[in-house]
Amino acid sequence: MSMSRKTVQLAIDFIECFIRSTVSKTDVNLKKTDIVIFPCEKAVWYYLPQIRADMAIELVKSGMTQSQAAKKLGVTPAAISQYIHKKRGILSPKSRPYRQEIKEAVKTLCGEDAKPEELRKLVCSCCHLLQKEADDLVCG
């Protein structure tokens with residue numbers, strides 16, 4: 001199991017434990033297999049923060065200030081700083097196709113006529129690549 005899959009599995013185990021601890025007393029016999037974590041839940045918890053971090057790093061490398069990158073991504077400058085210093089949203093090394101997709105998304109973000117639909121498709125593509133790399137089910 002690679003480091004990123006280990007990290008994701010640990011987080012899933014934690015979430016499952018949390019769910020079990022909040023289930024009513026009548027459901028004491030709940031098994032691990034009874035808990036379903038959907039692919040889109042993993043995407044929101046793990047892959048989208050990773051994509052945002054990688055995009056933030058690339059935006060700043062392209063010459064944007066942290067404040068400008070924060071506005072483009074809809075986050076705070078402090079979040080951008082955490083992404084750059086690898087305190088938030090960093091999993092193990094990514095594949096070449098994923099890195100190329102991130103660069104394409106950043107190029108789109110830097111363009112003056114960036115369309116939200118085009119960016120959404122690029123982010124979804126990045127998310128699917130991360131899911132495939134982790135051998136996860138790929139969401140819709």
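The values are calculated or read from the model by the stated rules, or taken from the named source; none is laboratory data. Computed from a predicted structure; not experimentally measured. Cβ atoms come from the backbone with ideal geometry, glycine included; neighbour counts cover every protein chain shown.
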Requested in this report: Would you mention how many residues in region 60-116 are crowded, with 17+ Cβ neighbours inside 10 Å, in a loop (DSSP other than H, G, I, E, B) and over 18 Å from the mean Cα position of the chain (by Cα)?
Outcome: 1
Report summary line: If we ask which residues in region 100-125 are within 22 Å of Gln66 (Cα to Cα) and either of a type in the set (Phe, Trp, Tyr) or in contact (Cβ under 8 Å) with a residue 12 or more places away in the chain (or both), their number turns out to be 12
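Name the single residue that is nearest to Ile90 (Cα to Cα) among those in region 31-57 being among the hydroxyl-bearing types (Ser, Thr, Tyr) and modelled with pLDDT under 85. Walk me through it before giving the result.
Within region 31-57, the subset among the hydroxyl-bearing types (Ser, Thr, Tyr) is 33, 46-47.
Filter once more, so that each one left must be modelled with pLDDT under 85: 33, 46.
Details: Thr33: 28, Tyr46: 9 Å.
Looking at residues that are among the hydroxyl-bearing types (Ser, Thr, Tyr) and modelled with pLDDT under 85, I get Tyr46.
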